[in-house]
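A.B. asks: Quick one: structure below, then a few questions.
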Amino acid sequence: MPNQDSMRLSFVIPGSLDTPTGGYRYDRHVVNGLRAAGQRVDLLTLGESFPQPDAPTLTASYRAFAGLPAGPVVVDGLALGALPEIGRHLPAHAPLIALVHHPLALESGLAPQLADALRASERRALAATRHVVVTSPATADILVSDYGLSRDRLSVALPGVEQAPFAAGGDGQTIQLLSVGSVIARKGHDMLVEALAPLADLPWHLTIVGDATRDKPATEALQAAIRRLDLEARVTLAGALSDEELATRYRGADLFVLASRYEGYGMVFSEALAHGLPIVATAVGEAPALLPPAAGKLVAPGDAAALTAALRPLIADKAMRDAAAQAARNARLPRWSDCVSVFIDLLRRYQPARAQ
């Protein structure tokens, strides 16, 4: 409930805040955390076609910005990067703060022309910001080196993680592998099944949790690879799940696996560690900083053979899995309260006098 000392801000996202991805989960925690801290948050939702909005959505979005109340405006990067003219449409009493999970042009599988267009669009949009929040130091480095932002306009707000019960694992006979991420090229699920195919002599089952409707070519390629490798009985595409359903999957897993080609942060790494799961993954995003050395194994992205070699001993050896799980349980993980505090400090800094 806002109090007399609360500040007002607008939080802008494309589509629904309930979308089951890491980026939207981050946004939900920030919005809910700000409200719990007594701040007034006006949520503005734009169309679902971002980051490639059609002309009517683009026009409607700019019109919506022009009517925002006094106070800072936090715009999720999935929308911001496709709004190159945002600076001309925001009123002076609404200072712009960008929230960049990762640059749009770094999404895997983009045609070169589209990647170039997104990079140019995002660079223009970022130039209109008063401040930029990123979810990892690596993304901050990219925005400085490739997008021309100065360090003093950047803040890092690491995603937090909630306390969770430690995973109990499967039935002890079949090792339950869990991978979490939308079925898109960047998540590398196709490479993961390629890496698992040589391990058919071991008792494992892979469940992939994530929206399989966002990238039809990636989903079809993954399904084709599963059929080609004769893994239909050993790989389950569970689709997008609610937070409660996902928590159940974490609790029933023995080992977390992810073969992403790129991550801005990788919230699922900290979620897996919070559940005490060993991890075998690619060394992307903040995984190298989050993962205790004894809690699993990281390999270079794109190296299926290295992923196979890392997976084999942890699937085959229960004692090794147990030791890695204990290391995972001891991991020191960031908190959501620290993340929300970054936003509160920025809101205080950029709150116009009329919005006090």
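Since every read-out is calculated from the coordinates, none of them should be taken as a lab result. Since this is a predicted model, take the numbers as computed values, not measurements. Positions of Cβ are backbone-derived with ideal geometry, glycine not excepted, and every protein chain shown enters the neighbour counts.
A.B. asks: Given charges of +1 on the Cβ of Lys and Arg and -1 on the Cβ of Asp and Glu, with all other atoms neutral, how large is the dipole of the range 159-240 about its Cα centre, in debye to the nearest 20?
C.D. replies: Around 200 debye, computed over the range 159-240.
A.B. asks: What ³J(HN,Hα) values, in whole Hz, does the Karplus curve 6.51 cos²θ - 1.76 cosθ + 1.60 give for the range 33-47 when θ = phi - 60°, with x put for Gly and Pro?
C.D. replies: Each residue of the range 33-47 in turn: x, 5, 5, 5, 7, x, 8, 8, 10, 9, 8, 10, 9, 9, x Hz.
A.B. asks: Related question: Quick check for me: using +1 on Lys/Arg Cβ and -1 on Asp/Glu Cβ, what's the dipole size of the range 175-329 about its Cα centre, in debye to the nearest 20?
C.D. replies: For this selection, approximately 160 debye.
A.B. asks: For the range 223-236, just list the computed ³J(HN,Hα) in residue order, Karplus coefficients 6.51, -1.76 and 1.60, θ = phi - 60°, integers in Hz, with x standing in for Gly and Pro.
C.D. replies: Karplus values, whole Hz, x for Gly and Pro: 4, 5, 5, 4, 5, 4, 8, 6, 10, 4, 7, 10, 10, 10.
A.B. asks: In whole Hz and in residue order, list the ³J(HN,Hα) couplings for the range 200-217 that follow from phi through the Karplus curve 6.51 cos²θ - 1.76 cosθ + 1.60, θ = phi - 60°; x for Gly and Pro.
C.D. replies: Whole-Hz 3J(HN,Hα) from phi for the range 200-217: 4, 6, 9, x, 9, 9, 9, 10, 9, 9, x, 4, 9, 10, 6, 9, 4, x.
A.B. asks: Still on this structure: Would you compute, from DSSP H runs of 4+ residues alone, the mean residue ellipticity of the chain at 222 nm, taking -39500 (n - 2.57) per run and dividing by the full residue count, rounded to the nearest 500?
C.D. replies: On the way: 14 runs with 144 residues, N = 356.
Rounded to the nearest 500, it is -12000 deg cm²/dmol.
A.B. asks: Find, among the GluC sites (Glu not before Pro) in the range 157-228, those assigned to loop by DSSP (not H, G, I, E, B) with at most 15 other beta-carbon atoms within 10 angstrom.
C.D. replies: Qualifying residues, ordered by number: GLU162.
A.B. asks: What aspartates and glutamates sit close enough to LYS187 to cross-link, taking a C-alpha to C-alpha distance under 18 Å and skipping anything fewer than 8 places away on the same chain?
C.D. replies: LYS187 reaches GLU107, ASP211, ASP215, GLU220, GLU263, GLU271, GLU286, ASP303.
A.B. asks: Continuing with the same structure: What is the packing order of peptides 146-159, 302-315, 176-189, taking the mean over residues of other C-beta atoms within 10 Å and listing the highest first?
C.D. replies: Going by the mean number of other Cβ atoms within 10 Å, highest first, we get 176-189, 302-315, 146-159.
A.B. asks: Cα centroid distance between the range 282-328 and the range 237-279, in Å?
C.D. replies: 14
A.B. asks: Give me, ordered by chain and number, the residues 5 or more places off ARG261 or on other chains with an amide H under 5 Å from its own placed amide H.
C.D. replies: LYS187, GLY188
A.B. asks: OK, next. Would you mind classifying the range 175-329 by shape? Square roots of the alpha carbon gyration tensor eigenvalues, ordered a ≥ b ≥ c; an a/c under 1.5 is rounded, otherwise it is prolate if a/b is larger than b/c and oblate if not.
C.D. replies: Details: a/c = 1.39, a/b = 1.22, b/c = 1.14.
Judged from the Cα gyration tensor, the range 175-329 comes out rounded (a/c under 1.5).
A.B. asks: Sticking with this one: Put +1 on the Cβ of each Lys and Arg and -1 on the Cβ of each Asp and Glu in the chain; which of ALA60, PRO72, GLY15 then has its Cα farthest toward the positive end of the dipole?
C.D. replies: Ranked along the dipole, the leading option is PRO72.
A.B. asks: Answer with one residue from PRO217, LEU241, LEU199: the one whose Cα lies farthest towards the positive end of the charge dipole of the range 175-329, charges on Cβ with Lys, Arg +1 and Asp, Glu -1.
C.D. replies: Ranked along the dipole, the leading option is LEU199.
A.B. asks: Please list, ordered by chain and number, the residues whose modelled amide H lies under 5 Å from the amide H of LEU46; skip anything fewer than 5 residues away on the same chain.
C.D. replies: Amide H neighbours of LEU46: ILE13, GLY15.
A.B. asks: Let me check I've understood the local charge: for VAL299, count other residues with C-beta under 15 angstrom from its C-beta, Lys and Arg +1, Asp and Glu -1. What total comes out?
C.D. replies: After counting each charged neighbour, the total is 0.
A.B. asks: Dipole of the chain, Cα-centred, from +1 at each Lys and Arg C-beta and -1 at each Asp and Glu C-beta, to the nearest 20 debye? Mind showing how you got there, number by number?
C.D. replies: Details: 33 positive and 36 negative charges, 182 e Å.
Dipole magnitude for the chain comes out near 880 debye.
A.B. asks: Placing +1 on the Cβ of each Lys and Arg and -1 on the Cβ of each Asp and Glu in the chain, which of LEU46, GLY188, ALA167 has its Cα farthest towards the positive end of the resulting dipole?
C.D. replies: LEU46
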